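Notes follow the structure.
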């Protein structure tokens, strides 16, 4: 795996001739954080990056936060089928820890907190998370466009664990009483069709969502940060230019069973340190 980042002070010759440097596991672009690449320059750098990565037989990469802003360059890397670590897979795995963090920060009580989960397509990881969540929160509500599929899950949880959840899709009443909304895969256009508690906290696991309702005074969370055992031992570039969760996600085998992933998280002492909402931080 390689880290791709901007240079702190690009060498003049490297900048002039678009020379990409490699230092250990880092690919350093001949630009600084203030550079905005034209489409033509982005294409040249993307092609050179592709050659370097193919030569190294590397498909998995992490982009620095500044390189992530170079949209044309990033889109070209995606078109070359490179595995760019985004951190969304880990965010979904950490859903339970995210809820615990919010409860702690807002000094809420689990037994009194209503949780709604917005989900149409559920992964094995999210299903395991769901079962854990309903065992801890007694008032869990699932909002979905695939009611029949989730009615089966509702029945399974009731039979196996003796816990009752609610499955429905009422746009006017479904979310009105929920103080925390875990949005697994509803896009902005869909979630804005529902009536939402004006002070709700919404956690968007898969894509950024902005709530357009004028009376909404809550928090729509689109990003997060973590810490983990060994984070402080990383070099300064990795600690300052990259998101910790992307570095950690890159180290995980995302094909292993969910239970093994949870064991690894506990062993590595992974914990949420911040949740970033639109114009606010939790």
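Just so it is clear, none of the values below were taken in a lab; they were calculated from the coordinates. Please read these numbers as outputs of a predicted model, since none were measured by experiment. Neighbour counts run over all protein chains shown; Cβ positions are idealised from the backbone, glycine included.
Quick notes on this structure:
- Where only DSSP H runs of four or more residues are counted, the chain gives -10500 deg cm²/dmol as its mean residue ellipticity at 222 nm, each run worth -39500 (n - 2.57).
- Stokes-Einstein D in µm²/s, Kirkwood radius over Cα pairs - region 1-150 at 37 °C with 0.692 mPa s viscosity: 177 µm²/s
- Separation between Cα centres of region 41-63 and region 110-142, rounded to whole Å: 40 Å
- Projecting label points 7 angstrom from Cα along Cα→Cβ for residue 281 and residue 173 puts them 4.1 nm apart.
- Counting beta carbons within 10 Å around each of 153, 163 and listing the fewest first gives the order 163, 153.
- Using bins of 5 Å that start at zero, the share of Cα-Cα pairs per bin across region 1-78 amounts to 3, 16, 31, 30, 16, 4, 0, in whole %.
- Each label point was placed 7 Å from the Cα along the Cα-to-Cβ direction; for residue 23 and residue 75 their separation is 3.1 nm.
- Over the chain: Rg over Rh, Cα atoms, Kirkwood Rh: 1.02
- Computed extension length for residue 146-residue 109: 10.3 nm, one decimal, from 0.36 nm per residue of separation with the Cα-Cα distance subtracted.
- Counting only DSSP beta bridges whose two residues both lie in region 2-84, roughly 25 percent are antiparallel.
- Extension gain, residue 166 to residue 12, is 49.2 nm, computed as 0.36 nm per intervening residue step minus the present C-alpha separation.
- Projecting label points 7 angstrom from Cα along Cα→Cβ for residue 258 and residue 56 puts them 3.4 nm apart.
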